[in-house]
């Protein structure tokens, strides 16, 4: 079946392998992780300071290592999404745009949390536990919901049907909500509360841009089945909105 407008909310919804784009995306994202690793373990931040005639250091090395682990987990999940979960086409504009965005926030969060812009270490406390639990919870909501849908869609008996089960029975866009939750935890762990603007911006982008576009596509594709689902299911935040 062909849909009149396969591109909704800036994303091409047509199915396609996009092999070159996906490999470029995965390798480019890995390069960002390598840069983060160099900044922490290779004294990259110190070396950059010397290049500008400055004395730069990382005051919170242990926190930096945990933030790097978060970035690596995010990369692993991204690879699983690209090569296992994602059935739609990936365009070059999406790859390049998101790589720039990922580079800014992943390197930025590592530097913020590692003490690159402060001169003292922040001991781990209850807020850090909350932050890490939130990161894990968000990762679970995003990845497990997508895997549940993938396995359900693999059954020929479900071909052409709208998936409304599993975690998606609590929220129509539980995967988007999971992303917002994990970024909230990730940013909390930096102990720089300005960083919380990132998940706030992300949540707003989902609610006001991506979700309306995706809902329009799904309504066109599944018709009455999707309309019934949307009437009885929270759109973004389970049990709330």
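The values are calculated or read from the model by the stated rules, or taken from the named source; none is laboratory data. Quantities reported herein were computed from a predicted structural model and do not represent experimental measurements. Using ideal geometry, Cβ is built from the backbone for each residue, glycine included, and neighbour counts are taken over all protein chains shown.
Does any residue of segment 114-131 turn out to be closer than 16 Å to residue 66 by Cβ, touching a residue at least 60 places away in the same chain (Cβ under 8 Å) and part of a helix (DSSP H, G or I)? Explain how you work it out, then say what you get.
Our first condition is that a residue be closer than 16 Å to residue 66 by Cβ; within segment 114-131, this holds for 114-116, 121-131.
Remaining after also requiring touching a residue at least 60 places away in the same chain (Cβ under 8 Å): 114, 116, 121-122, 124, 127-128.
Then keep just the ones that are part of a helix (DSSP H, G or I); that gives 127-128.
Yes: segment 114-131 contains one or more residues that are closer than 16 Å to residue 66 by Cβ, touching a residue at least 60 places away in the same chain (Cβ under 8 Å) and part of a helix (DSSP H, G or I).
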Self-check item: Number of the exception - residue 145 against (1) outside any loop (DSSP other than H, G, I, E, B); (2) touching a helix residue (DSSP H, G or I) at 6+ places or on another chain (Cβ under 8 Å); (3) touching a residue at least 40 places away in the same chain (Cβ under 8 Å)
Solution: (3)
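Taking the condition free of Cβ contacts under 8 Å to residues at least 40 places away in the same chain and either in contact with a strand residue (DSSP E or B) (Cβ under 6 Å, 6 or more places away or on another chain) or under 23 Å from residue 33 (Cα atoms) (or both), does residue 96 pass? Full working, then the answer.
Values: free of Cβ contacts under 8 Å to residues at least 40 places away in the same chain: yes; either in contact with a strand residue (DSSP E or B) (Cβ under 6 Å, 6 or more places away or on another chain) or under 23 Å from residue 33 (Cα atoms) (or both): yes.
Judged against the criteria, residue 96 is a match.
Here are some residues: 96, 82, 76. Which one is more than 21 Å from residue 135 (Cα to Cα), surrounded by fewer than 19 Cβ atoms within 10 Å (Cβ to Cβ) and not assigned by TED's automatic domain parsing to the domain that holds residue 179? So that I can check it myself, show each step before the final result.
Working: 82 fails: more than 21 Å from residue 135 (Cα to Cα); 76 fails: more than 21 Å from residue 135 (Cα to Cα).
Answer to the check: 96.
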Quiz item: Can you name the residue in segment 16-34 that is in a helix (DSSP H, G or I), over 16 Å from the mean Cα position of the chain (by Cα) and touching a residue at least 60 places away in the same chain (Cβ under 8 Å) and is also farthest from residue 86 (Cα to Cα) among such residues?
Solution: 24
Quiz prompt | 3 or more residues over 30 Å from residue 116 (Cα atoms) and either more than 17 Å from the chain's Cα centre (by Cα) or at pLDDT below 95 (or both): qualifying helices (runs of 4 or more DSSP H) within segment 166-241 | solution = 211-222, 224-232
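Filter segment 1-15 for residues that are in contact with a strand residue (DSSP E or B) (Cβ under 7 Å, 6 or more places away or on another chain) and not in a loop (DSSP other than H, G, I, E, B); which is modelled with the lowest pLDDT? Spell out how you get there, then give the answer.
Just the residues of segment 1-15 that are in contact with a strand residue (DSSP E or B) (Cβ under 7 Å, 6 or more places away or on another chain), to begin with: 6, 12-15.
With not in a loop (DSSP other than H, G, I, E, B) added as a condition, the list becomes 12, 15.
Working: 12: 65, 15: 73.
That would be 12.
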Quiz item: Can you tell me how many residues in segment 61-86 are touching a helix residue (DSSP H, G or I) at 6+ places or on another chain (Cβ under 8 Å) and within 19 Å of residue 175 (Cβ to Cβ)?
Solution: 14
Quiz item: Among the numbered criteria (1) modelled with pLDDT under 95; (2) surrounded by 13 or more Cβ atoms within 10 Å (Cβ to Cβ), which single criterion is violated by residue 29?
Solution: (1)
Quiz item: Restricting attention to segment 99-123, which residues are surrounded by fewer than 16 Cβ atoms within 10 Å (Cβ to Cβ) and more than 21 Å from residue 75 (Cβ to Cβ)?
Solution: 117, 118, 119, 120, 121, 123
